[in-house]
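The values are calculated or read from the model by the stated rules, or taken from the named source; none is laboratory data. Just so it is clear, the structure is predicted and the values come from calculations on it, not from any experiment. Don't worry about glycine lacking a Cβ; one is built from the backbone with ideal geometry, like all the others, and counts go over all protein chains shown. Calculation scope for accessible area: heavy atoms of the full protein, side chains included, ligands and nucleic acids excluded. Shrake-Rupley method; radii C 1.70, N 1.55, O 1.52, S 1.80 Å.
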Amino acid sequence: MQDDKNQVVVITGSAKGIGKSIAVTFAKQGYNPVIVDFNEQAGEETAEEISRKYHVSSFFVKADVSNAEDLINVRNQVIERFSRIDVLIINAGISYLRTIDEISIDEWERVIKINLHGSFYTLKAFYEDFLTNKGKIIFITSGSAITGTGGGAHYASSKAGQHGLMRTVSKELGPKGVNVNAIAPRVIQTEILDHLYPNEESRKELLKKIPINRIGQPEDIANLAVFLASPESSYIHGQIILADGGRTY
Ligand SMILES: NC(=O)c1ccc[n+]([C@@H]2O[C@H](COP(=O)([O-])OP(=O)(O)OC[C@H]3O[C@@H](n4cnc5c(N)ncnc54)[C@H](O)[C@@H]3O)[C@@H](O)[C@H]2O)c1
């Protein structure tokens, strides 16, 4: 799919889960993945594992996406090391399944700060690079923004905010040759899902709602991200693509 073997993909929240799977899948295509996460140990291990197994140049940068300065540091390290960025995947996120009366003001602010402000800080840090070099930007959002389920009001609101951000950026950057889309997963087997659906019973109930009768795997999202980063997908722009086993529509 890819002809230039020096391409660089930056993925936030990629020490584990969907982000890690995206990093591995891009590495298999020959991209150099930059692992960005606030989990230092897992982040270092992921970058080391990817460089060793896939013979690409992966490295880890510690960052909390709710801190704009951290993202500027990520950007500077990426440009210092590779002098380019080709694909940006805005993936880091947290979720809690709670009702509005259970959501504290602190928790509301924390979720919005990481999921929504963090997306903006990430985008802003790399904005100028995309203006000059084009490339692909992919947001990992959530079906929750559409359905209002699968997380608390803070989570669904933050994800709906990401959709607004993605649509605006697609209008701003499309004419500059930057391709921008969102992937909206619903239930993917990661630690977030383990917190949301902790027991067998809740899993069984969940499966009944998914027409293809399986819980999604991180690779389901990663494969779509690789396609959206490829030249073959260039006419898909400003879209929210649900990856949900047919559950929503
Ligand atoms: N798993 C699902 O079912 C599901 C469904 C819909 C959407 N999503 C979205 O997919 C994305 C990835 O989710 P996942 O399931 O892989 O979660 P996960 O918890 O397995 O992994 C999230 C990663 O992000 C990192 N992270 C969290 N907050 C961070 C911060 N402030 N700064 C830097 N790194 C941070 C974590 O350390 C972790 O490595 C999230 O945006 C989530 O909302 C997941």
Just grab the label-to-label distance for TYR127 and ARG84, each label 7 Å out from Cα along the Cβ direction, in nm (one decimal).
2.5 nm
Stretch LYS204-ARG167 to full length: gain in nm at 0.36 nm per residue minus the Cα-Cα span?
9.8 nm
Amide H neighbours of ILE35 under 5 Å, at least 5 residues apart or on other chains, H built in the peptide plane: list them.
PHE59, PHE60, VAL61
Straight-line reach from LYS53: which aspartates and glutamates fall under 13 Å, measuring Cα to Cα and dropping same-chain residues less than 8 apart?
GLU45
Under a cut-off of 21 Å between alpha-carbon atoms, report the lysines in cross-link reach of LYS159, not counting same-chain residues fewer than 8 places apart.
LYS16, LYS20, LYS113, LYS124, LYS136, LYS171
Report the accessible area of GLU109, computed with a 1.4 Å probe over the heavy atoms of all protein chains in place, in Å² rounded to the nearest 10.
100 Å²
Amide H within-cut-off set for VAL180, under 5 Å, with H built and near neighbours excluded:
ILE137, GLY238
What aspartates and glutamates sit close enough to LYS208 to cross-link, taking a C-alpha to C-alpha distance under 20 Å and skipping anything fewer than 8 places away on the same chain?
ASP194, GLU200, ASP220, ASP244
Rounded, prolate or oblate: which one fits the stretch 90-238, using the alpha carbon gyration tensor with axes a ≥ b ≥ c (rounded when a/c is under 1.5, else prolate when a/b beats b/c, else oblate)?
oblate
Would you mind putting 7-20, 55-68 in packing order, based on average other-beta-carbon counts within 10 Å, highest first?
7-20, 55-68
Which cross-chain or sequence-distant (5 or more) residues have an amide H under 5 Å from the amide H of ARG98, H modelled 1.01 Å from N in plane?
GLY152, ALA153
